[in-house]
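For reference, the structure discussed in these notes is given below.
Only the coordinates and a few stated rules stand behind these numbers; no lab work does. Computed from a prediction, not measured in an experiment: that's the story for all the values here. Neighbour counts are summed over all protein chains in view; Cβ atoms, including those assigned to glycine, are modelled from backbone coordinates with ideal geometry.
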Amino acid sequence: MAYVRVVSALRERDRRLARRLIAWGPPWLRRVGAALEGAAEHTRLWWAAAATLAVAGGWRGRRAAAAGVAAMAAAEVLSNGVAKPVCERRRPPREWVPPENLRDRPASSSFPSGHTAAAVAFSGAVALVWPAVGAVCGAAGVLVGAQRLHSGAHYPADVAVGGALGLVPRQPRFARQGAASGACSRRAGRKSSSMDRTCLGFRPVRRGCVPGAVGAVRGFQNTPWPGWPWCGPRRGSFGEECCFVAYGYSGG
């Protein structure tokens, strides 16, 4: 019985806080919130962010975009595909909400907030690869969560649990590898080092030795992501040979 009383008290506090948040704020704040809601609907905001990163962010942006989209998709499955059907909850009463916010309010379960789960998952995955951009996405995600409360679409507990679900998806390997590459590049200190190549996702894919003078095999240095050859007397024969390690991209 004590458990039932605690749950009932928490639910009542959740309802009171939701009613205050819905009623709070000047009229212009609702107009801004409506624009933000339209951008975040169907994760359009995060798809636009991913496209921008992929086009303008170079290799790091493409890796961040891929990590963000993968984490967001996993969070969407958890929140909308698993949690909502299991935990049915009515949305805040219609009499609490201004009429303009009722037009596009979904009829699905209020618990948890899928918008917040997607925002947290995308921002968290991007931050692993590109912390500065992840911070910007995180700020936008906070605004999305606040808007879901202010518009009367969710209770505070819905948004809190949605944010927690956004942290659940295990970050893809290319996100973790991208996070390590930035620190590893700084430690390496120069882009031409083999340490930096390895951190960027490049691995030794071809090793070999070529007979000939030192100058003849220096051309290997001009191939994509080459290793520096080392030269010396040819084993078991006369002359010299130069050995090399060619690096290739191993993918994310």
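When restricted to residues that are touching a Ser or Thr at 6+ places or on another chain (Cβ under 9 Å) and either more than 17 Å from Leu149 (Cβ to Cβ) or without any contact (Cβ under 8 Å) to a residue 40 or more places away in the chain (or both), the range 15-48 contains 1. Of all the listed residues (Ala35, Ala67), the sole one being in contact with a helix residue (DSSP H, G or I) (Cβ under 9 Å, 6 or more places away or on another chain) and in a helix (DSSP H, G or I) is Ala67.
Yes or no, residue by residue, for (1) crowded, with 19+ Cβ neighbours inside 10 Å; (2) under 13 Å from the mean Cα position of the chain (by Cα); (3) at positive phi; (4) among the aliphatic types (A, V, I, L, M):
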residue: Trp46; (1), (2), (3), (4): yes, yes, no, no
residue: Ala49; (1), (2), (3), (4): yes, yes, no, yes
residue: Gly58; (1), (2), (3), (4): no, no, yes, no
residue: Ala65; (1), (2), (3), (4): yes, yes, no, yes
residue: Met72; (1), (2), (3), (4): yes, yes, no, yes
